[in-house]
Structure formats: C-alpha cells, structure tokens
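**Student:** Sharing a structure, written as structure tokens. Questions coming.
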Amino acid sequence: MSERLQKIFQENARFEKKTPYNFCDRWCERCSLEKQMRCKLYQDEIEQKMTCIAHGREPDDPEITKKVLEQQFEATKKIIEEHLEENEIDLDSTDDPELEKIKEHIKLVENSSLHGAAEQYRRKSQIFLKDTFYKKEGIKPEITYDFETVTWYHTLLSVKLHRALCGFHEPVNEDEFGLYDAIAQFVVCKKAVKESIKALRKIKPDFPSRHTQILELLALLHNIHSRIKMLEESI
C-alpha cells in the first residue's frame, strides 16, 4: 500500500466518525448501534417514523413520510443550487463549458469496462433473483438472509461503483475530495462484493439447476473486486 493511499484510509477513518453515512452501505438494520447513534441519516429516518407515530399513524405512513421527505429534499436542493451558483454552472444552458465537462466526465465513467461489469452483474442478478427469490418458492428459511444480501447489494454495488469512478477519474485538485470519496466508496463496494460472494456460495447447494448462473455471478464479483484493488494500488 502506498503512503498516499494509507493517508487517505487514515483520513477517511477520521471523517467516518463525523459522517458515517458517507461510508456505509445504507443497510441500517445491520449496522451497529454505536454507528446508528452518530449517523444523521439514521436519525432522520427515526425522526420520520416518530413523527408518523406521534400523529397516530403507522411508522411508514406514506402521507407523512412524503411531507418529511419533501422537507429533506428541499434542504438538499438549496445546497445544490448554492453549489451551482458558486461554481457558475447553468444547467439550463446548452453551451455551458463547465456543464459540458461534467457530461463528458460522466460519459467517461459510464463507458468504463469496470462500470460495465457492475451493470452486467446487476442485470444478471436481477434475472437470477426473479427466477428464484422473488417467486418465494422453495426458499429455505436458513438462506433467506443470504438472498436478502444478494438483493440488497446487487443494485447498491453498481450505484456506489459509479460514484467511486466519478471521484477516482475526477481532475486532481488541491483538496482531492473526489479521490478521498472514491476510496470510501470502493470500501463499500468491496464489502458488497464479499458479502454477496459469501451469500451466493451458501445459496448454490440448494439450487443445482442454477449452478452455471451462480458461477457466472461469482466470476463477475471476483473480477470487479480484483479490478477495484488494482485501482487502489495504482494510487
């Protein structure tokens, strides 16, 4: 591990204590109580549920939840607008040079073979889950947890990897924020890969007719993990 990468890991560990939601897989139910207590996103969700209960509704009442989310989105929208204004980016302009740079950057990421592998895994996992878990037939209780793991991570991996690659390939600036965030997201991606591999290996014996399908998913996951490691080691 290079000194630069080691420094990023150390700094990210410090940042994680302040904003754990930037470094997690968003599966709050499986998160430690200690981390939940210092996570703003988790606290926001608890506040949302408590608001519903206080009004005599179910914890996830759609009407109240919608109002709470609208307030949260409004606050986020304000931050984004301030950022766009500060950086003089006009989303309505067809020839804004800064906007064109962003579009080109996103295109570069989406055309990368690693992003393509994650998308391929997502699509193939979706087919596998549709043919097995979503039918709710012949699923033993002891592997339900493993199917839930594959279900949760097969979309999250693609999203997190896209975000990581955007930061990793971002032009270097003084604070290297994009790179630091990329490494944080790579950590989440590696966790998603490892947990998914473990889950698929436990599922495999119960579905002999799906062995080829599962082996293909495992191969994609191993490929994604090794390529993430290569990117990290290139720093």
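The values are calculated or read from the model by the stated rules, or taken from the named source; none is laboratory data. Note that the structure is a prediction, hence the values are computed from the model and not measured. Note: ideal-geometry Cβ built from the backbone for every residue, glycine included; neighbour counts use all protein chains shown. SASA here: full protein model, heavy atoms, side chains in, ligands and nucleic acids out. Shrake-Rupley method; radii C 1.70, N 1.55, O 1.52, S 1.80 Å.
**Student:** Counting Lys and Arg as +1 and Asp and Glu as -1, each charge on the Cβ, what is the dipole of region 13-64 about the Cα centre in debye, to the nearest 20?
**Tutor:** My answer is approximately 480 debye.
**Student:** Over region 133-201, give the accessible area per residue in Å² for a 1.4 Å probe, as an integer.
**Tutor:** With all protein chains present, region 133-201 gives 49 Å² per residue.
**Student:** Per the 1.4 Å probe, what fraction of the accessible area of region 110-235, in percent, lies on carbon and sulfur atoms?
**Tutor:** Looking at region 110-235 in its full context, I get 55 percent from C and S.
**Student:** Within region 120-199, report the chymotrypsin sites (Phe, Trp or Tyr not before Pro) that DSSP leaves as loop and that have at most 16 other Cβ atoms within 10 Å.
**Tutor:** Answer in residue order: no site qualifies.
**Student:** Okay, moving on. Charges at C-beta only: +1 for Lys and Arg, -1 for Asp and Glu. How large is the resulting dipole of the chain about its Cα centre, in Debye rounded to 20?
**Tutor:** So the dipole magnitude of the chain works out to roughly 1780 debye.
**Student:** In the chain, once you exclude exposed GluC sites (Glu not before Pro) (DSSP loop, at most 12 other Cβ within 10 angstrom), what's the longest stretch remaining?
**Tutor:** Free of exposed loop sites, the longest segment is 1-87.
**Student:** State whether the chain is rounded, prolate or oblate according to the following rule on the C-alpha gyration tensor (a ≥ b ≥ c being the square roots of its eigenvalues): a/c under 1.5 gives rounded; otherwise a/b larger than b/c gives prolate, and the remaining case gives oblate.
**Tutor:** Note, shape of the chain comes out oblate.
**Student:** Can you give the calculated 222 nm mean residue ellipticity of the chain, where each DSSP H run of n ≥ 4 adds -39,500 (n - 2.57) and the sum is split over every residue, rounded to the nearest 500 deg cm²/dmol?
**Tutor:** Mean residue ellipticity, 222 nm, calculated: -24500 deg cm²/dmol.
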